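These notes concern the structure reproduced below.
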Amino acid sequence: MAEAEPLRPIELQPQPKTVQELAAIDGKEVPERYIHKADNNGGGALDAPFPVLDVPTVDLQLLASSSSGGEELEKLRSALSSCGCIQAINHGITSAFLDTLQEVARQFFALPSEEKKKYSREIGSIEGYGNDMILSEHQILDWTDRLYLILSPEDKRMLKFWPENPESFRRILHEYSMKLPAILEVLLKAMARSLNLEENQFLRQYGDRATMQARFNFYPICPRPDLVLGVKPHADGSAITLLLQDKEVKGLQVLKDDQWFNVPIVPQALLINVGDQLEIMTNGIFKSPVHRVLTNSEKERITLAVFCLPHPDQEIQPVEELINETNPRLYKKVKDYVSLFFQYYQQGRKPIEAALL
């Protein structure tokens with residue numbers, strides 16, 4: 001992949017209406033472009049009962065302590081090599097602050113359409129307010145509106161997309177962005193130690209020119225949750241993703257052992273999952289989980305995902321110490337991984353397959 005010309009998303013047309021507008025126009029039907037047939041919804045009926053995924057709760061304060069974190073390290077390693085995600089507690093961000101962050105997101109999505117569209121993304125770009133890029137005539141669309149913003153590096157922020165209404169939005173999101181690097185460092189060091197590697201091994205590959213992208217997700221009430229997905233099945237193209245879940249409304253599912261599981265809500269925890277780029281670094285030991293989002297016929301749902309991404313020029317490859325006769329090398333050396341991601345995602349393909357040897 002590093003040697004090939006990267007694929008760039010070519011948007012065929014703008015989406016004329018947001019999902020929120022569609023939901024307000026007709027409360028009983030959904031357009032054909034949003035309907036998933038049985039053979040392309042990720043497997044099985046969308047309205048079937050699903051088991052609950054046992055996502056381990058991991059204490060980040062214990063992980064940060066090299067003297068007292070042995071049990072937490074083992075819990076981390078086990079979780080990331082099986083389901084690929086953890087519920088992170090004691091992460092250093094207060095409950096009151098997280099509540100405020102969720103509230104300003106809720107206030108933004110409750111604004112009139114004309115106000116939100118001041119921050120609309122441009123064709124061919126993900127940043128700003130809007131919904132799916134239309135990359136294929138046959139593309140099935142997600143029942144969600146999004147606000148994508150680059151958090152870091154700060155000099156890459158495009159403030160024209162950062163809402164000024166509600167008034168505190170920019171300040172609160174900036175404060176959140178300042179709290180995340182410390183969490184990320186604890187995680188990457190602990191992940192390395194859990195695999196008996198020198199603790200900076202993943203940090204070095206992650207690099208000092210990395211990007212953090214925020215994606216606020218708004219899932220309007222959907223009249224046909226049996227036919228429509230909030231987000232189609234995919235794995236993340238990040239190194240690590242940090243998700244602040246809706247405190248009250250479930251919807252996230254993870255695919256494990258060919259079975260979909262509901263992800264529980266742990267109030268004030270950050271749900272943290274491995275992305276494809278860390279799966280590559282660990283030579284497949286840590287799993288980048290395939291996940292999707294269900295829709296809800298009774299309640300709206302709002303979440304905030306932050307994607308932690310190595311710089312496009314940063315080369316990513318399996319750590320040599322993790323390769324041996326028992327565990328042969330699985331992945332090539334790659335860079336600019338994210339350039340493939342959206343193209344593959346909208347086609348329902350797994351980008352990480354392009355990195356396989």
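The values are calculated or read from the model by the stated rules, or taken from the named source; none is laboratory data. All figures in this text were calculated on a predicted structure; none of them were measured in a lab. Please note: Cβ atoms are built from the backbone with ideal geometry, for glycine as well, and neighbour counts cover all protein chains shown. Areas reflect the complete protein model, heavy atoms only, side chains present, ligands, DNA and RNA absent. Shrake-Rupley method; radii C 1.70, N 1.55, O 1.52, S 1.80 Å.
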Residues of the range 84-141 being open to solvent by 40 Å² or more (accessible area, probe 1.4 Å), outside any helix (DSSP H, G or I) and acidic (Asp, Glu), in sequence order, are 122, 137
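A quick yes/no check of all residues on (1) open to solvent by 50 Å² or more (accessible area, probe 1.4 Å); (2) polar (S, T, N, Q); (3) modelled with pLDDT of 95 or more:
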site	(1), (2), (3)
258	yes, no, no
281	no, no, yes
318	no, no, yes
327	yes, yes, no
Among the candidates 349, 292, which residue alone is open to solvent by less than 10 Å² (accessible area, probe 1.4 Å), closer than 30 Å to residue 45 by Cα and basic (Lys, Arg)? 292
Considering only the range 216-326, give the strands (runs of 3 or more DSSP E) lying wholly within it that have at least 2 residues that are touching a helix residue (DSSP H, G or I) at 6+ places or on another chain (Cβ under 6 Å). 301-309
Taking into account only those residues within the range 227-253 that are farther than 19 Å from residue 341 by Cα and among the β-branched types (Val, Ile, Thr), which is surrounded by the most Cβ atoms within 10 Å (Cβ to Cβ)? 228
Between a first residue in the range 199-226 that is more than 17 Å from residue 294 (Cα to Cα) and open to solvent by 20 Å² or more (accessible area, probe 1.4 Å) and a second residue that is in a strand (DSSP E or B) and among the small types (Gly, Ala, Ser), which pairs have beta carbons less than 8 Å apart while being 6 or more apart in sequence or on different chains? 211/152; 215/305
Of all residues making up the range 177-198, the number that are among the β-branched types (Val, Ile, Thr) and open to solvent by 20 Å² or more (accessible area, probe 1.4 Å): 1
Quick one: is residue 70 within 30 Å of residue 195 (Cβ to Cβ) and at pLDDT 90 or above? no
Within the bounds of the range 159-174, is there any residue that is of a type in the set (Asp, Glu), at pLDDT 95 or above and under 18 Å from residue 242 (Cβ atoms)? no
Does residue 224 fit the bill of being at pLDDT below 95 and either touching a strand residue (DSSP E or B) at 6+ places or on another chain (Cβ under 7 Å) or among the basic types (Lys, Arg) (or both)? yes
Here is a list: 331, 337, 344. Which entry is of a type in the set (Phe, Trp, Tyr), open to solvent by less than 20 Å² (accessible area, probe 1.4 Å), within 16 Å of the chain's Cα centre (by Cα) and on the phi < 0 side of the Ramachandran plot? 337
Can you name the number of the only condition in (1) under 24 Å from residue 279 (Cβ atoms); (2) of a type outside the set (Asp, Glu); (3) touching a strand residue (DSSP E or B) at 6+ places or on another chain (Cβ under 6 Å); (4) at pLDDT 95 or above that residue 126 fails? (4)
Mind listing whichever residues of the range 29-46 are at pLDDT 85 or above and assigned to a loop (DSSP other than H, G, I, E, B)? 30, 31, 36, 46
Would you confirm whether any residue within the range 286-299 is out of contact with any strand residue (DSSP E or B) (no Cβ under 8 Å at 6 or more places or on another chain), under 28 Å from residue 226 (Cβ atoms) and not charged (D, E, K, R)? yes
Looking at residue 268, is it out of contact with any Gly (no Cβ under 8 Å at 6 or more places or on another chain), among the polar types (S, T, N, Q) and over 17 Å from residue 305 (Cα atoms)? no
Only one of (1) open to solvent by 40 Å² or more (accessible area, probe 1.4 Å); (2) in contact (Cβ under 8 Å) with a residue 24 or more places away in the chain; (3) in a helix (DSSP H, G or I); (4) over 30 Å from residue 322 (Cα atoms) does not apply to residue 74, and that is (4)
Which residue, of 150, 134, is in contact with a Lys or Arg (Cβ under 6 Å, 6 or more places away or on another chain) and of a type in the set (Val, Ile, Thr)? 150
Find the residue count for the range 129-150, including only residues that are within 18 Å of residue 164 (Cα to Cα), touching a Ser or Thr at 6+ places or on another chain (Cβ under 7 Å) and modelled with pLDDT of 95 or more. 2
Please find, among 53, 22, the residue that is at pLDDT 95 or above, surrounded by 16 or more Cβ atoms within 10 Å (Cβ to Cβ) and not charged (D, E, K, R). 53
